[in-house]
Amino acid sequence: MSNPNVLIETPMGEMLVELWPDKAPETVANFLAYVDEEFYDGLIFHRVIQNFMVQGGGMDMMMREKKNKAPIKNEARADTPNEAFTLAMARTMDPHSATSQFFINVKDNDFLNFTAPNPQGYGYAVFGKVVEGQDVATKISTVRTKDYQGHGDVPADPITIISIRRFEV
């Protein structure tokens with residue numbers, strides 16, 4: 001059986017993402033539940049840092065957080081590093097606080113990797129990879145940003161997640 005895929009549609013182009021349920025089963029199930037509910041439609045990539053990552057999946061254009069489901073267990077593993085163009089779950093300082101927000105690494109970010117099952121070492125759970133449209137993620141990561149309503153690194157011109165849908169390849 002092949003891994004599930006989703007298509008992330010943005011005004012800057014599309015990204016085809018292969019998800020890895022064998023590496024992060026709860027994380028993939030959580031993400032797909034949000035996808036199937038069309039939760040991400042109309043949200044934005046609200047945090048963009050060049051040569052690092054692009055983050056979305058939780059805020060609307062006014063930087064209001066959309067209501068999430070309960071947090072999930074952090075499934076970060078040493079054999080799924082935060083390499084360029086992988087998808088990982090965003091979270092707070094609590095390692096087990098991820099809900100709907102995710103980010104796309106635009107370069108290898110070893111400092112985000114799992115090193116130990118403790119608060120300092122948990123890292124960020126990688127659960128898939130952009131397999132087509134990596135140039136779109138890179139393009140998003142280079143937009144001009146500003147501070148907005150107490151948030152930094154917000155794209156000056158909002159980058160909407162038009163939709164995220166399951167996609168058969």
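What the table below lists for this structure:
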{"read-out": "Two-site FRET efficiency, MET93 against MET62, from Cβ-Cβ distance with R₀ of 35 Å, rounded to 0.05", "value": "0.90"}
{"read-out": "Distance in nm between pseudo-label sites at ASP157 and MET12 (7 Å out along the Cβ direction from Cα)", "value": "1.1"}
{"read-out": "Where Rh is the Kirkwood radius over Cα pairs, Rg/Rh for the chain", "value": "0.93"}
{"read-out": "Taking the convex hull of Cα positions in the range 97-169, its mean projected area over all directions (nm²)", "value": "7.0"}
{"read-out": "ALA78-SER2 FRET efficiency (beta carbon distance; Förster radius 25 Å; 0.05 resolution)", "value": "0.50"}
{"read-out": "Long-range HN-HN contacts of TRP20 with modeled amide H, under 5 Å", "value": "GLY128"}
{"read-out": "For the range 33-40, Karplus couplings with θ = phi - 60° (6.51, -1.76, 1.60), whole Hz, Gly/Pro x", "value": "4, 5, 4, 5, 7, 6, 4, 6"}
{"read-out": "Sites LYS69 and GLN120, calculated FRET efficiency, Cβ-Cβ separation with R0 25 Å, nearest 0.05", "value": "0.40"}
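Computed from the coordinates by the stated procedures, all read-outs in this text should not be read as laboratory data. Treat the numbers as computed from the prediction; the structure is a model and nothing was measured. Virtual Cβ from ideal backbone geometry, glycine too; neighbours counted across all protein chains shown.
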